[in-house]
Amino acid sequence: MSETLIHVASGKVRELFTIGDERLLLVASDRISTFDVVLPTEIPDKGRVLTGLSAFWFARTGDVCPSHLLELRPDGRSTECRRLEMLPLECVVRGYLAGSGWKDYLRTGSTSGHALPAGLRESDRLPEPIFTPSTKATSGHDENIDAAQAIELVGRERYEEVERTSLALYRFASEHAAARGILIADTKFEFGLDAEGRLVLADEAFTPDSSRFWPADEYAPGGPQPSFDKQFVRDYCESLGWDKTPPGPELPDDVVSGTRARYIDAFERLTGIAFADYLAEPSAVLA
Ligand code: Q0Z
């Protein structure tokens, strides 16, 4: 017997449904966003790449922290998940100085209360990875907060647990990825609590949508780095002189195919699995 799906939320590129009281269905579309705008052109299989990568990581980080993943569906883009009580915190780990971390550092010499050495350049590797939580903004951008503000949101003990767990997850995945030619500059996790109050990794993990992936062989600190997945899209959009307000431009076929190839390259490098094998049998990433 099939259970009723009730649509509960739309993200920029994903949809969330409930299955009964205790489960959710997370569906990753092929939509792509750039400069915070969803474009009218899809990247075929992008949702499958991201779903397969998340499932791959969930299957390998269970010793660090349990995940919400219950089942990967045969379509390769949908996962059944445990429904959790989500923590009101975006758990960000940074191994390199980019994005809002770099902007904070330029203004103040620190980010989220971490004093950093003087003289760092944009995209430099940090002396050690740092935990830089942010608040979940309902509209606009997440706001970086310091430890004291995060402790107000979740309590001291839970804060220490999410910090320790986030850093351990980042160390595990960034070492795995670097050995395969991909630098994970930073990444964002969302955690929830199960009915027993245990911390559970939710949402997506170490996908190009939740992380900054950089090609290691092009790494050149001292300026912004090309994005592993979206650089063709960004370069094309910049070439049009588009003002980055909706609607975004349609993408030409060569930008679509080049971008699709980059997503598949990231998937194959990180998982060691041929993408065609994933399409034939998504559960290959769980082994
Ligand atoms: C995730 C989101 C959207 C995709 C809620 N296991 C969970 N338990 C409870 N809530 C969530 C999860 Cl993953 C949850 N989101 C973010 C929104 C599409 C993901 F519309 N929201």
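Check segment 135-149 and report whether any residue there is touching a residue at least 24 places away in the same chain (Cβ under 8 Å), in contact with a His (Cβ under 8 Å, 6 or more places away or on another chain), assigned to a loop (DSSP other than H, G, I, E, B) and within 26 Å of PRO66 (Cβ to Cβ).
The answer is no, given that none of the residues of segment 135-149 is touching a residue at least 24 places away in the same chain (Cβ under 8 Å), in contact with a His (Cβ under 8 Å, 6 or more places away or on another chain), assigned to a loop (DSSP other than H, G, I, E, B) and within 26 Å of PRO66 (Cβ to Cβ).
Give the residue that is farthest from GLU281 (Cα to Cα), with candidates limited to residues of segment 65-111 that are within 16 Å of the ligand (Cβ to nearest atom) and basic (Lys, Arg).
Only one residue fits best here, namely ARG83.
Please verify whether segment 188-202 includes one or more residues that are hydrophobic (A, V, I, L, M, F, W, C), in contact (Cβ under 8 Å) with a residue 24 or more places away in the chain, surrounded by 13 or more Cβ atoms within 10 Å (Cβ to Cβ) and closer than 17 Å to THR132 by Cβ.
Within segment 188-202, the first condition is being hydrophobic (A, V, I, L, M, F, W, C), and the residues that meet it are 189, 191, 193, 195, 199-202.
Filter again for in contact (Cβ under 8 Å) with a residue 24 or more places away in the chain, leaving 189, 191, 193, 199-202.
With surrounded by 13 or more Cβ atoms within 10 Å (Cβ to Cβ) added as a condition, the list becomes 189, 191, 193, 199-202.
Keeping just the survivors that are closer than 17 Å to THR132 by Cβ gives 189, 191.
Yes.
Name the strands (runs of 3 or more DSSP E) wholly within segment 1-103 that hold at least 2 residues that are open to solvent by less than 60 Å² (accessible area, probe 1.4 Å)? Before you say what the answer is, go through the steps one by one.
Values: elements: 5-10, 14-19, 23-28, 69-72, 78-82, 91-96.
Output list reads 14-19, 23-28, 69-72, 78-82, 91-96.
On the given criteria, is ILE184 closer than 24 Å to ASP209 by Cβ, part of a strand (DSSP E or B) and over 15 Å from the mean Cα position of the chain (by Cα)?
Details: closer than 24 Å to ASP209 by Cβ: yes; part of a strand (DSSP E or B): yes; over 15 Å from the mean Cα position of the chain (by Cα): no.
No, not satisfied.
Looking only at segment 104-131, filter to residues that are in a strand (DSSP E or B) and β-branched (Val, Ile, Thr); which one of those is modelled with the lowest pLDDT? Give the derivation first.
Pass one, segment 104-131, residues in a strand (DSSP E or B): 110-111, 114-115, 125-131.
Imposing the further condition that a residue be β-branched (Val, Ile, Thr) reduces the set to 111, 130.
Details: THR111: 95, ILE130: 98.
The extreme case among them is THR111.
List, please: which pairs have Cβ atoms under 6 Å, are six or more places apart or on different chains, and start with a residue in segment 245-261 that is modelled with pLDDT of 95 or more and end with one that is part of a helix (DSSP H, G or I)?
Qualifying pairs under 6 Å: PRO249/LEU240; VAL255/PHE232; VAL255/TYR236; GLY258/PHE232; THR259/PHE232; THR259/VAL233.
Tally time: how many residues in segment 162-181 are part of a helix (DSSP H, G or I) and without any contact (Cβ under 8 Å) to a residue 24 or more places away in the chain?
2
Could you tell me whether SER54 is under 17 Å from PRO208 (Cβ atoms), out of contact with any strand residue (DSSP E or B) (no Cβ under 6 Å at 6 or more places or on another chain) and within 12 Å of the ligand (Cβ to nearest atom)?
Yes; evaluated as a whole, the condition is true for this residue.
For (1) touching a Leu at 6+ places or on another chain (Cβ under 9 Å); (2) surrounded by 18 or more Cβ atoms within 10 Å (Cβ to Cβ), each residue gets a yes or a no:
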| site | (1), (2) |
| --- | --- |
| GLY109 | yes, no |
| ARG121 | yes, no |
| ASP124 | yes, no |
| PHE131 | yes, yes |
| ASN144 | no, yes |
| ARG158 | yes, yes |
| THR165 | yes, yes |
| GLU175 | no, no |
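The values are calculated or read from the model by the stated rules, or taken from the named source; none is laboratory data. Fair warning: this is a prediction, and the values are worked out from it, not measured in the lab. Counting neighbours? That spans all protein chains shown, and the Cβs are built from the backbone with ideal geometry, glycine included. Calculation scope for accessible area: heavy atoms of the full protein, side chains included, ligands and nucleic acids excluded. Shrake-Rupley method; radii C 1.70, N 1.55, O 1.52, S 1.80 Å.
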